[in-house]
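The values are calculated or read from the model by the stated rules, or taken from the named source; none is laboratory data. Computed from a prediction, not measured in an experiment: that's the story for all the values here. For neighbour counting, all protein chains shown are included, and Cβ atoms are generated from backbone atoms with ideal geometry for every residue, glycine included. These area figures cover heavy atoms from the full protein model, side chains too; ligands, DNA and RNA do not enter into them. Shrake-Rupley method; radii C 1.70, N 1.55, O 1.52, S 1.80 Å.
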Amino acid sequence: MEKIRIHGNQNLRLKGKVRISGAKNAVLPAITASLLTKDKIRLKNIPLVEDVHTILTLMKELGANYNIKKNSLSIQVKKIQSEQASYDLVQAMRASILVLGPLLARYGKAIVALPGGCAIGSRPIDLHIHGLEKLGARISLEHGYIQAEANKLHGAEIEFEKKTVGGTENLIMAACLALGETVLKNCAREPEISNLCDLLIKMGAKIDGIGEETIRIKGVRELGGATHEIIPDRIEAGTFLVASALTRGNIVLTNIKPDQLDTVIEKLKYSGTQIEKLNNHSLRVVGSEEIRPQDITTSPYPGFPTDMQAQFIVMMTQASGTSIITETIFDRRFSHINELLRLGANIEVSGDKAIVKGKTPLSGAETIASDLRASASLVLAGLIANGETIVTEVEHLDRGYEKLESKLKSLGAKIERIKE
Ligand code: UD1
């Protein structure tokens, strides 16, 4: 079992330059989009994180051949060999559901395990299923598996009841090979969805309204190969912005798209952090001596991302006053709070709100990572907690962060991975 050990201290100042990796949430749908063609897809700037290995294991079972060189991936599904995504893989990574739309569209069949319970609350997939049914798929649930079939999907008008990132991606991919036009309304607008659309257009898809709430897709007979660059990971970038703010550091982030971080930057600036855009790919972030408290509510893009909620809660433990953080996207996404209490934080949870009272000195302790962003928040807390903090179950961290501890170490943190 691997753990992360941090020797924290309140006087730590992170300093230096850090390169942000490609976005996990953009590369996963880009990889499953390769199911839509028999030709080769080349993806650049991919992050080498565990979720990428998990989706590639699934893609191999479905018939893909792939090759990774440094941070580039070439992947080709000449022939679909199986239409089944097993429970093991879907359980390990919920985004495995992103094979459903492409498999149905190209192969006419898909059997995908229904994702089970998840550490951040119930995460249904009803919106994916209703949308695919509107495109003409026949879907049933048998033995814990979604069985979907369609001779040929056809275009339809679909309005999502609620914004869903994965649902929007699955439906866009399916509609690309459907007969006629599909109009998707109330789409999620996350940059990762736009990045997927850019890839699909290079493959020959006809998509209008990229990045907007209404997206129109004209189905084409087939799609072909393409080369595509994955956008930078705005959540990894946000995590380093908070790391600098929290430690009154002075760091430069490179390989980012500052515009995609607008809401996070606005909140950091309100708290007193200085952020200077150096050019279109980099920012300097300088933490201030005093952190101003503030209320934050998570919401779909361009709102404040739920994937940054845990990290901001850590920052607010060091603010001079009370902050209320409201989580509107997922229920039960406060598992990090019990661990933060063990470090000495003063946080109360009331329904979907976390009331964070600052400023409290933190003291190192052994903590358990319960999900990806929760584990990042514990690492951040460990940086400023006096003494030794151990974060166990780091496999959660490895799902979505590429070399987090070596990047932090290069900025001056005393952090290491230990095996036991
Ligand atoms: C994606 C991201 C995840 C991020 C989340 C919200 C990936 C791989 N993961 O997850 O990091 O935290 O967006 O920004 O991109 N919902 C339904 N029915 C559905 C689908 C979703 O009720 O069929 C609900 C969910 O329970 C949740 C909300 O809609 O309350 C948003 O979920 P969704 O946007 O679908 O999240 P994911 O795509 O799973």
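Scan the range 211-223 and give yes if some residue there is open to solvent by less than 20 Å² (accessible area, probe 1.4 Å) and of a type in the set (G, A, S), otherwise no. Lay out the reasoning, then the answer.
So the first thing to find is which residues in the range 211-223 are open to solvent by less than 20 Å² (accessible area, probe 1.4 Å), and the list is 215, 217, 223.
Restricting the remaining residues to those that are of a type in the set (G, A, S) gives none.
No - not one qualifying residue is present in the range 211-223.
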Residues located in the range 120-178, provided they are small (G, A, S), at pLDDT 95 or above and within 16 Å of the ligand (Cβ to nearest atom)
G131, A137, A148, G166, G167, A174
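Please find, among G224, G238, the residue that is under 16 Å from the mean Cα position of the chain (by Cα) and over 26 Å from K185 (Cα atoms).
G238
Being open to solvent by 10 Å² or more (accessible area, probe 1.4 Å), at pLDDT 95 or above and either within 16 Å of the ligand (Cβ to nearest atom) or closer than 15 Å to T32 by Cα (or both) is the requirement here; does R189 meet it?
Numbers: open to solvent by 10 Å² or more (accessible area, probe 1.4 Å): yes; at pLDDT 95 or above: yes; either within 16 Å of the ligand (Cβ to nearest atom) or closer than 15 Å to T32 by Cα (or both): yes.
Spelling it out, R189 is indeed open to solvent by 10 Å² or more (accessible area, probe 1.4 Å), at pLDDT 95 or above and either within 16 Å of the ligand (Cβ to nearest atom) or closer than 15 Å to T32 by Cα (or both).
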Residue tally, condition within 16 Å of the ligand (Cβ to nearest atom), farther than 30 Å from V285 by Cβ and of a type in the set (V, I, T), over the range 10-56:
4
In the list Q311, Q260, Q294, Q274, which residue meets the criterion of being open to solvent by 10 Å² or more (accessible area, probe 1.4 Å), under 21 Å from the mean Cα position of the chain (by Cα) and at pLDDT 95 or above?
Q260
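What residue, of I313, I329, is of a type in the set (A, V, I, L, M), under 27 Å from I251 (Cβ atoms) and either touching a residue at least 60 places away in the same chain (Cβ under 8 Å) or within 16 Å of the ligand (Cβ to nearest atom) (or both)? Can you show your working first?
Values: I329 fails: under 27 Å from I251 (Cβ atoms).
Result of the check over I313, I329: I313.
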The lone condition G16 fails out of (1) open to solvent by less than 80 Å² (accessible area, probe 1.4 Å); (2) at negative phi; (3) not in a helix (DSSP H, G or I) is (2)
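Counting residues that are touching a strand residue (DSSP E or B) at 6+ places or on another chain (Cβ under 9 Å) and surrounded by fewer than 22 Cβ atoms within 10 Å (Cβ to Cβ), which strands (runs of 3 or more DSSP E) fully inside the range 319-420 reach at least 3? Spell out how you get there, then give the answer.
On the way: elements: 322-326, 346-350, 353-357, 366-368, 387-392, 415-419.
In the range 319-420, 322-326, 346-350, 353-357, 387-392, 415-419 are the strands (runs of 3 or more DSSP E) which contain 3 or more residues that are touching a strand residue (DSSP E or B) at 6+ places or on another chain (Cβ under 9 Å) and surrounded by fewer than 22 Cβ atoms within 10 Å (Cβ to Cβ).
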Can you say whether S194 is at pLDDT 95 or above and open to solvent by 10 Å² or more (accessible area, probe 1.4 Å), as far as the supplied structure shows?
yes
